[in-house]
Structure formats: structure tokens, C-alpha cells
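Okay, so here's the structure we're looking at.
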Amino acid sequence: MSTDAAPSTKSDFRIHEIACAVICAVGLQGGALLLLRAADLDRPALAPEIDKGPSVPVKVVPVLDLDAAPALKLGGKRDPAKLPDRWLKPRAKRRVEEKAFVSTKAEKTEEAIPSKEIEVAEVKTPVPPPEAEVAKVVETPIEEPAKAEPPPNVDEKGHEDGVKGGTEMDPLKARAVDIYREKIRSWFSRRFRVSGSGLSPDEITKFRVAATVTLSGGRSVGSFAIVSSGQAAFDAAARAALESAKGEELPPPPENYPDIVQSQISLTFTCTPERCD
């Protein structure tokens, strides 16, 4: 009786090949551990520096956007954005006004209580007309001096006795006197020039020449007298200005106020760096 022998199984790898694979795997794991231990992880990486350029400060103001999409879908309105509360400037609180209170020292007698009816004195003086009616009284319009011209360098003081009849009761006459004086100052100012004084712009404004002009024959310039300023160039310029005006007539006054022309006028000649030297 014969029996068949069982077939023997053979492996695809030999024993020495398996041993080499195990040794290589263990060596790789051990090498990786050694490299991790040898590496300095705290050392910064060597990277090239990037030039950021000049820094520009930028003011950043955070804004809360209250536009909520769900609210808009539900029919809500779009609200404007606003700053957070900590970014808003505090508003000043309104001061509480002091209220009146009853004095504890008030007298309780009937004589101390004032009567309810208070008599008002009747005003007998007539009520002045409004400005529109006052303006109708003056038929001739008073021309304003041109503002484009440089400021005059003559200060016209006027006579000590003032205008005949005064201007206190007539505001239109007072206005006419002011405008007429401005015309006279400009008229004399155009004749006054100082040149060759050799003074600096700051020093040239310190000197003043006072003069008194007497009119003859209505508005004609007659005699004059000056008070020296202490500077020869200023005195000569003032004397030359008055000599050139001698015999000529001043600008005419407004037709409704011919009496505002004075017989004697006081002037003060001054200089500015733009008009002198």
C-alpha cells in the first residue's frame, strides 16, 4: 500500500533577505531619531529681509455695519453705519437751570405785597418815523467813498465848534458829515508824498505832521499852519501838499447839507510804506 507525501511550501524571500530588510528598517528609524535630536529647532530660519519702504501712518476708524441681510429680507430699512460707543465723543450735559423758590424771609404783611394794577406813564413824545420814511427826506443820494482806493493818510479832525446846527438830532446829517470828511481827507491825501527820507518801513509810520487849514470865500483853501514832526522830509512834503491846494476849492458838500462846510479844518499827515518812499 503506497502513501502520497504532503507537498512542502516554499517562501518567496530567503531568510537572509528578510534579515537585511529588518536591519535596514531599524537603521532608518534610528537615523531619523538621531537627526531630530541633532536639529536645533529654536534657531530662526535664514530668510532674506524684505524692504518695507517708508512707513505711512493711516488712521483707522472702525465702523459698525448695521446692514443685516436677514433684516433686509424681512422688510427692514437700511440704517446708516455708525461708530462704536467708545469712539463717540461724549456730549456735554445740559445744565440744570436754577428755579425760583420762595424766600423764607419774605414779609407776610399786606403792605409789602405790591398792587396788581401798575400805572404806566403816558409817552407824549411822537414816535419817530421808520427808516424808510427817513430815507425819503433826503432827495440827493450821498455817494459812498470808493473802497478800492488805498486808505488816506490824512486824519481830518474838524473844527472844535463842530458843524453849524449840530448832527445829534439828524442821523442823516451825521452820516453826510462823515462821508464829506472822508472826501476831504482823500483830497488832501492825494497831494501828500514823502520821498528820500531814508527811513525804514517801521520808522516811516511814526512821524506825523499836524496842520490847520483856514478856508476863505466858501470852500477855497486859504492860509495854513503846520506843526513840525521833527523830520525835515515830512515837514517839506506836508508844506508842499498844502501849497499845491492853496487857492483851490474843496469838494462840494451834499446839496441838502451845504452848511456842513467848516471854516477851519485840522489835518494830520501820516505815511505808510506803500505810499511813501
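The values are calculated or read from the model by the stated rules, or taken from the named source; none is laboratory data. Note that the structure is predicted; figures quoted are calculated from it, not measured. Cβ: placed from backbone, ideal geometry, glycine included. Neighbour counts: every protein chain shown.
Which members of the range 256-270 meet the condition of being farther than 23 Å from ALA236 by Cβ, part of a loop (DSSP other than H, G, I, E, B) and of a type in the set (S, T, N, Q)?
ASN256, GLN262, SER263 - these are the residues of the range 256-270 that are farther than 23 Å from ALA236 by Cβ, part of a loop (DSSP other than H, G, I, E, B) and of a type in the set (S, T, N, Q).
Tally up the residues in the range 211-243 that are of a type outside the set (Lys, Arg) and not in a strand (DSSP E or B), please. Give the derivation first.
Filtering the range 211-243 down to residues of a type outside the set (Lys, Arg) leaves 211-218, 220-238, 240-243.
Going one step further and asking which of them are not in a strand (DSSP E or B), we end up with 217-218, 228-238, 240-243.
Qualifying residue count for the region: 17.
Considering ALA232, ALA237, ALA245, which residue is closer than 14 Å to VAL194 by Cβ and surrounded by 13 or more Cβ atoms within 10 Å (Cβ to Cβ)? Even if it seems obvious, please write down each step before you answer.
Details: ALA232 fails: surrounded by 13 or more Cβ atoms within 10 Å (Cβ to Cβ); ALA245 fails: closer than 14 Å to VAL194 by Cβ.
Answer to the selection: ALA237.
Filtering the range 246-276 down to residues that are touching a Ser or Thr at 6+ places or on another chain (Cβ under 9 Å) and among the hydrophobic types (A, V, I, L, M, F, W, C), which residue is farthest from THR205 (Cα to Cα)?
Restricting to residues being touching a Ser or Thr at 6+ places or on another chain (Cβ under 9 Å) and among the hydrophobic types (A, V, I, L, M, F, W, C), the top hit is ILE260.
Of all residues being touching a residue at least 40 places away in the same chain (Cβ under 8 Å) and not charged (D, E, K, R) in the range 199-211, which is surrounded by the fewest Cβ atoms within 10 Å (Cβ to Cβ)? Just the residue, please. Explain how you work it out, then say what you get.
Of the residues in the range 199-211, the ones touching a residue at least 40 places away in the same chain (Cβ under 8 Å) are 199, 201, 204-205, 207-211.
Among the residues that remain, those that are also not charged (D, E, K, R) are: 199, 201, 204-205, 207, 209-211.
Working: LEU199: 19, PRO201: 12, ILE204: 21, THR205: 15, PHE207: 20, VAL209: 26, ALA210: 16, ALA211: 20.
So the residue we want is PRO201.
Would the range 214-228 turn up any residue that is touching a residue at least 40 places away in the same chain (Cβ under 8 Å), among the β-branched types (Val, Ile, Thr) and buried (at least 18 other Cβ atoms within 10 Å of the Cβ)? Can you show your working first?
Of all residues in the range 214-228, those touching a residue at least 40 places away in the same chain (Cβ under 8 Å) come to 214-215, 218-219.
In the following step, the residues that additionally are among the β-branched types (Val, Ile, Thr) were identified as 214.
Filter once more, keeping what is buried (at least 18 other Cβ atoms within 10 Å of the Cβ): none.
No, the range 214-228 contains no residue that is touching a residue at least 40 places away in the same chain (Cβ under 8 Å), among the β-branched types (Val, Ile, Thr) and buried (at least 18 other Cβ atoms within 10 Å of the Cβ).
Report yes if ALA45 is surrounded by 10 or more Cβ atoms within 10 Å (Cβ to Cβ) and either at pLDDT below 75 or outside any loop (DSSP other than H, G, I, E, B) (or both), otherwise no. Can you show your working first?
Working: surrounded by 10 or more Cβ atoms within 10 Å (Cβ to Cβ): no; either at pLDDT below 75 or outside any loop (DSSP other than H, G, I, E, B) (or both): yes.
Considered against the rule, which asks whether it is surrounded by 10 or more Cβ atoms within 10 Å (Cβ to Cβ) and either at pLDDT below 75 or outside any loop (DSSP other than H, G, I, E, B) (or both), ALA45 comes out as no.
With respect to LYS183, is the statement that it is among the basic types (Lys, Arg) and closer than 30 Å to PRO171 by Cα true?
Working: among the basic types (Lys, Arg): yes; closer than 30 Å to PRO171 by Cα: yes.
Spelling it out, LYS183 is indeed among the basic types (Lys, Arg) and closer than 30 Å to PRO171 by Cα.
Sort out which residues of the range 250-270 are under 15 Å from TRP187 (Cα atoms) and surrounded by 14 or more Cβ atoms within 10 Å (Cβ to Cβ), and write them in order of number. Talk me through it step by step, then tell me what you get.
Going residue by residue through the range 250-270, those that are under 15 Å from TRP187 (Cα atoms) are 250-253, 261, 265-270.
If the condition is that a residue be under 15 Å from TRP187 (Cα atoms) and surrounded by 14 or more Cβ atoms within 10 Å (Cβ to Cβ), then LEU250, PRO253, VAL261, ILE265, SER266, LEU267, THR268, PHE269, THR270 are the ones that fit.
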